[in-house]
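Colleague: The structure's right below; bear with me while I get my questions together.
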Amino acid sequence: MGHVLEKVLADVLARWFRLRGDDVRFQIGTDEHGIKIQQTAQKQKLTPRELVEKNVPLFQQMYQELNISSDVFIRTSDQIVHWPTVRELWKRLNAAGALEKRTYKGLYCSGCERFVTAKDLVDGKCPDHRTAPQEVREENYFFKLKDKEEELKKMLDPQKGTYTIIPDYRAQESMALLEGGLEDVSFSRPKSSLSWGIPVPGDENHTMYVWCDALTNYISGLGLLDSARSDTKELHKFWEDATITHVIGKDIARFHALIWPAMLQYAGLKTPDQLLIHGFVTSDGQKMSKSLGNVINPVDVLAKFHGNPDPMRFFLCHEIPVGRDGDFSWKRLEEIYDSKLRNQLGNMLNRVLVMLKKEDAELVIAPTADDEKNIAAAWKKYGDAMEKFEVHSAIQSISESIDCMNANFNKAEPWKLKGQERIAVLSSFAEGLRHVALCLLPFVPDTAYRISKQLNVPYAEKMLEKSFVITSAMKKWGGAKEWKRVGEPEILFLPLL
């Protein structure tokens, strides 16, 4: 569910950027190297390559079923797309004096895939993985992170910095790490300890440590340092000229906030612009754990909703504030589905469409000053929240609008009206639903499309195309000028399985 939360959050933002007219490249992928993969493969009597070839398609299938609109899927085991950039970046770091081979003795957590100190532990164990680290003594290449302290402080400065961490309190955590003083970072393991990974250029007895390998996927997906790939030059604009946003979990935030930009600084490359950090997903108030038997399988959630990913997408965005930990419970998921989606949204759409179809008349949408003022305020509230990456606030504002529409519908009692007055009132609610569908498009794209198709708005069939943009006209009350009649009502949300 942690992977699902991350990919859905990134997808919502990518869709929002496209809808506001930006040229977007949305990259996701799998980090496939490291000691954990090597050890797991040994336990399963497989080679690491066999293990990842078995598991990666499962992730790819899940992301497809979640309707993740990524443009490219990067695999760190890909020796054609990924490895050349990683090796070139290593060479640049080495040439810049950023790497130094040292003999090191310390505590190594295989779960975190990093060396830890006593202050990182709780009762002698890693707080995230509940295991005691191993004491390791070996010769490694070290990355000189400490030398970049002052540059990183300037870059992360809340007022004048160039790298914005979202939410604010996550930025404060990174600054606290800087103020506490940084340590140089192990960037390799001897091949005798770790054979599954990218060999260090010029020193085949060492394997690159996971962070130099995995973090580089952001630029390897663009072929940024791969001189052999002339076909990627057009993609370089997505690093050199674009606003770069990384979406990552809080457990590895320090690597993206500190190590990755320091690597880029040494290499003479542009650093990212924004880092959005999400929290963990708990299960009924407890951390998900196989031993506790409370692990939620996203496949089971999809099956509950007939394979429809939108209820899970809606739940995660609605219930988990960006940056915070959030709880998943079947009970709350079903409550949200029944109350917010089936009863409020689905019911509202069905009531409006059924009554309008009976009238068999053209829509009458005559904007008033109040209508124009209210819809402009609603779009501003929604847009401001999306611009700040407060997706939970944005989707909750939509939910509030739907609740308000239901209350107003009952108050208006259109079933008691007749003729043009009845058509005008029903048309007004249909117009409200048109705006709701547009706002829902980044969150629950298929549902937003199906609402618009049932309403029969002119642009409905284009809504799922990546080139679709929400125009200023669409945001106005009565902005769909060619829209004359509604379509056929259908059940929007099926009963739970």
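Colleague: What residues of segment 408-429 lie in the reach of a label at N347, counting those whose backbone N is under 13 Å from a point 7 Å from the Cα along Cα→Cβ?
Modeller: Hits in segment 408-429 for N347 at 13 Å: 408-411.
Colleague: Kirkwood Rh over Cα pairs of segment 1-80 into Stokes-Einstein at 20 °C, 1.002 mPa s: D in µm²/s?
Modeller: 152
Colleague: Give the Kirkwood hydrodynamic radius (Å, one decimal) of segment 220-339, defined as one over the mean of 1/r across all pairs of different Cα atoms.
Modeller: Evaluated on segment 220-339, it is 17.5 Å.
Colleague: With point charges of +1 on the Cβ of Lys and Arg and -1 on the Cβ of Asp and Glu, referenced to the Cα centre of segment 139-213, which listed residue (G181, S193, A171) lies farthest in the positive direction of the dipole?
Modeller: A171
Colleague: In addition: Sort the following peptides by mean Cβ neighbour count (other Cβ atoms within 10 Å, averaged over residues), highest first: 440-449, 55-64, 244-253.
Modeller: By packing density, highest mean first, the sequence is 440-449, 244-253, 55-64.
Colleague: Divide by every residue of the chain the summed helix terms, -39500 (n - 2.57) for each DSSP H run of at least 4, and state the resulting mean residue ellipticity at 222 nm, rounded to the nearest 500 deg cm²/dmol.
Modeller: Mean residue ellipticity at 222 nm (helix-derived): -13000 deg cm²/dmol.
Colleague: Related question: How high is the relative contact order of segment 44-159, in percent, with contacts defined as C-alpha pairs under 8 Å that are six or more residues apart?
Modeller: Worked out over segment 44-159, it gives 21 percent.
Colleague: A further question on this structure: Given the options G161, W415, G221, identify the residue whose Cα lies farthest towards the positive end of the charge dipole of the chain (+1 on Cβ of Lys, Arg; -1 on Cβ of Asp, Glu).
Modeller: The residue sitting most towards the positive pole is W415.
Colleague: Can you give me the span-like helices of the chain, meaning DSSP H runs with 24 Å or more of Cα extent along the axis and Kyte-Doolittle mean at or above -1.0?
Modeller: The qualifying helices are 2-19, 48-65, 391-412, 419-440.
Colleague: Oh, and also: Per 10 Å bin, what percent of the C-alpha pairs of segment 299-462 does each bin hold, from zero upward?
Modeller: Computed distribution, short to long bins: 9, 36, 36, 15, 3, 0.
Colleague: What is the fewest-to-most order of C404, C439 by other Cβ atoms lying within 10 Å of their Cβ?
Modeller: By the 10 Å Cβ count, ascending, the order reads C404, C439.
Colleague: Classify segment 195-252: rounded, prolate or oblate, from the alpha-carbon gyration tensor (a ≥ b ≥ c, eigenvalue square roots; a/c under 1.5 rounded; otherwise prolate if a/b is larger than b/c)?
Modeller: Judged from the Cα gyration tensor, segment 195-252 comes out oblate (a/c at least 1.5, b/c at or above a/b).
Colleague: If you build the convex hull over the alpha carbons only and average its shadow over all orientations, what do you get for the chain? Give it in nm² to one decimal.
Modeller: Mean shadow area of the hull around the Cα atoms is 25.5 nm².
Colleague: Taking the Cα centre of segment 156-307 as origin, work out the dipole magnitude from +1 charges on Lys and Arg Cβ and -1 charges on Asp and Glu Cβ, in debye rounded to 20.
Modeller: In debye, rounded to 20, segment 156-307 gives about 340.
Colleague: Can you tell me which of 208-215, 158-165 comes out highest on packing, and rank the rest after it, using the mean Cβ neighbours within 10 Å?
Modeller: Packing order, densest peptide first, comes out as 208-215, 158-165.
Colleague: To continue, here is another question. With only Lys, Arg, Asp and Glu charged, each at its Cβ (+1 for the first two, -1 for the last two), find how big the charge dipole of the chain is about the Cα centre; round to the nearest 20 debye.
Modeller: Using Cβ point charges on Lys, Arg, Asp and Glu, the chain gives about 360 debye.
Colleague: Ok, one more. Can you tell which of A437, Y209, G21 lies farthest toward the positive end of the dipole of the chain, using +1 and -1 charges on the Cβ of basic and acidic side chains (Lys, Arg; Asp, Glu)?
Modeller: Of the listed residues, the answer is A437.
Every number here is computed from the coordinates shown, using simple stated rules; none is lab data. Note that the coordinates shown come from a computational prediction; the quantities given were computed from them, not determined experimentally. Positions of Cβ are generated from backbone atoms using ideal geometry, with glycine treated the same way; all protein chains shown enter the neighbour counts.
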